[in-house]
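Enquirer: Have a look at this one before I ask anything.
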Amino acid sequence: MEPSDRFAITLGEAIYSLRAIRRIKPDPIPDDDLLDVLDAARQAPNGGNSQPWHFLAIKDEQLRRQFGELYREAWWAKRADQGIHGPDDIDPTNRTTLSAMKFADEIGSVPAIVLVCATEQGAGAMGSVIPAVQNMLLAARALGVGGTITTLHPSVDDRVKELLDIPEGIQIVYAIPLGYPKGNFGPVTRKPLSEICSIDNWDNKIS
Ligand SMILES: Cc1cc2nc3c(=O)[nH]c(=O)nc-3n(C[C@H](O)[C@H](O)[C@H](O)COP(=O)(O)O)c2cc1C
């Protein structure tokens, strides 16, 4: 069976139910499914078809645990950059940040974490990995696998690279944890088209 035939839900269902999944079961993802998700990523559009990407899936339990510790450090380093130094500094109504904070403690037990790396410097390479990540998340969704886009912090980059033998000159752009959700997929909350779209002229908003 071709990988494309294995993504059996409709594109509409995948798009409209794709949301950030941070509560993830530890159950492993079958290798064939993980490879199909990575294969979907490499189909993505990219600058000049130079395919300036590398996808490193962390499956090994000990590596995931070690990566998880670095991820947690990175998460708090990003918060420190924003003047947030502990849970008490986080707005208790900000559910996304609270969920991401909890996830920073748990990411090491997610069955697979895909590091999406840019193999070239510059905006073209950075821009190219973004469609690949969306393909990856949609393909995962079609297989019942959830995840979210996450980033690291420069303070941990060298140690993550050392842990996984990532060569000099490679940039880790995103870390995508993948696994089976404890909750449900979608729907998402987004601004209405009338706020964010216009036709022919900026002021001609869609009503
Ligand atoms: C560029 C980018 C960086 C993100 N970084 C993180 C992150 O570091 N940690 C995290 O838990 N979620 C991260 N997210 C996920 C967003 O929080 C999520 O997509 C957003 O809140 C919408 O969530 P929803 O699709 O469930 O509505 C990131 C998303 C994007 C696009």
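No value in this document is a laboratory result; all are computed from the given coordinates. As the structure is a computational prediction, the values presented were derived from the model and not from experiment. FYI the Cβ positions are ideal-geometry reconstructions off the backbone, even for glycines, and counts take in every protein chain you see.
Enquirer: Calculate, in nm to one decimal, what residue 159 and residue 17 gain on full extension: separation in residues at 0.36 nm each, minus their alpha carbon distance.
Expert: Separation in residues times 0.36 nm, less the Cα-Cα distance, equals 47.6 nm.
Enquirer: Additional query: What is the magnitude of the charge dipole of the chain about its Cα centre, with +1 placed on the Cβ of each Lys and Arg, -1 on the Cβ of each Asp and Glu, and no other charges, expressed in debye to the nearest 20?
Expert: Roughly 640 debye, rounded to the nearest 20.
Enquirer: Only helices at least 18 Å long along their own axis, judged from Cα atoms, and with Kyte-Doolittle mean hydropathy of 1.6 or greater: name those in the chain from DSSP H.
Expert: Long hydrophobic helices here: none detected.
Enquirer: Take residue 84 and residue 201, extend 7 Å from each Cα along the Cα→Cβ direction, and tell me the distance between the two endpoints in nm.
Expert: For residue 84 paired with residue 201, the spin-label model returns 4.1 nm.
Enquirer: Considering Cα pairs under 8 angstrom that are at least six residues apart, work out the relative contact order of segment 3-196 and quote it in whole percent.
Expert: Contact order relative to length: 39 percent.
Enquirer: Subtract the Cα-Cα distance of residue 188 and residue 91 from 0.36 nm times their separation in residues, and report this length gain in nm to one decimal.
Expert: So the chain would gain 32.8 nm between residue 188 and residue 91.
Enquirer: From the residues 194, 183, 173, which one has its Cα farthest along the dipole of segment 149-207 in the positive direction, the dipole being from +1 and -1 charges on Cβ of Lys/Arg and Asp/Glu about the Cα centre?
Expert: Checked the options; the winner is 183.
Enquirer: I'd like the distance between the alpha-carbon centres of segment 88-124 and segment 192-207, rounded to an integer number of Å.
Expert: If you average the Cα positions of each part, the centres end up 32 Å apart.
Enquirer: Between residue 62 and residue 120, what length comes free when the chain is fully extended (0.36 nm per residue of separation minus the Cα-Cα distance, one decimal in nm)?
Expert: Once the chain is fully extended between residue 62 and residue 120, it gains 18.0 nm.
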